[in-house]
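A.B. asks: Following this message is one structure expressed as C-alpha cells.
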Amino acid sequence: MDPAVIAALVSAPTAVLAAAAAYAAGKAQGRASLDAVRRQAQRDAYAQFLDAAYAFSTSSRWPSCVARAERELAESGASPDTEGIHRRAAELRVGVSIGPLHLANIVVGLEGPVHVAAVAGEVVRRAHAVHDDAAVIGTGSTEELAQMDLDTFESREADARVIRAMAIFSNVGRRHLNGEAPPRDPWATERNLADSDGAVSPLLQSFLGRSAR
C-alpha cells in the first residue's frame, strides 16, 4: 500500500478526535457565554425590581404619608385635625403607583427562574395590600375612624410585610445569581424577622439602610 495512504489512514482517527474535541469545547464555550449573558440579564431584572419596590415602599410608608398630609394642610391654612390629616394621608398612600413595580415584576417573570419570580409576585401582592390598608381609613366613617385610635395608628404591619418580602427576594435572587441551591422554604425566615409588635427587625433596617418604622 502507498505509504501516503497508510499515513492518512493512521492520522484520520486522531484528526476526527481533535475535531470532535474542538467542537465540544466551542459548544461549551458558547453555552457559557449564553449563560453569562442570561445571568447578567437576570441580575439587571432583579436590581430594577428591588429599585421599584424600594421606591414604592418609601413613598407609601404610612408615617411619611401622614407627614406629607400635615405639611399640605398647614400650607393651605386648613385646620390640621386628626381625621382630616389621616384621610389625606390615606389618599396619598393609595396614590402611590404600583405600575413601575408591576412592570419590573413582568421582567423578573420572563427572566426567571420560577422560585425567584414567585417571591417577586408576593412583593407585588403585599404592595396591593398597602393600598387596601389605606382604603380602610379613606372610606371609613367618622365613627369608624374614631374607633381606630388614629393618633397611634401607623399601619406598621402592612409596610413591614412589603419590606420583609423585599429582603427575602434579595436573598433568593442573590443565591440564584451565585449558583447556590434555592432555599427549601424562602419564607421560613420571615417569622424570625418581625418583632412582636409587627415592626421591622434591625436586620431589615440595615437592608434598607434606614429605619423601617
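A.B. asks: Taking 0.36 nm per residue of separation and subtracting the Cα-Cα distance, what length does fully extending Asn178 through Glu75 add?
C.D. replies: Here the segment from Asn178 to Glu75 would lengthen by 32.0 nm.
A.B. asks: Mind checking the full-extension length gain between Leu103 and Ala55? Use 0.36 nm per residue of separation minus the Cα-Cα distance, one decimal, nm. Could you put the intermediate results ahead of the total?
C.D. replies: Values: separation 48, 0.36 × 48 = 17.28 nm, distance 1.35 nm.
Using 0.36 nm per residue and subtracting the Cα-Cα distance, I get 15.9 nm.
A.B. asks: Using 0.36 nm per residue, how much length does the chain from Arg68 to Thr189 gain when fully extended, once their Cα-Cα distance is taken away?
C.D. replies: 40.2 nm
A.B. asks: Residues of the stretch 43-118: accessible area per residue at 1.4 Å, in Å²?
C.D. replies: Numbers: 3710 Å² over 76 residues.
For the stretch 43-118, the solvent-accessible area averages 49 Å² per residue.
The values are calculated or read from the model by the stated rules, or taken from the named source; none is laboratory data. Predicted model, so just to flag it, every value in this text is computed and none were measured. Accessible surface is based on the protein model in full, side chains and every heavy atom, while ligands, DNA and RNA are left aside. Shrake-Rupley method; radii C 1.70, N 1.55, O 1.52, S 1.80 Å.
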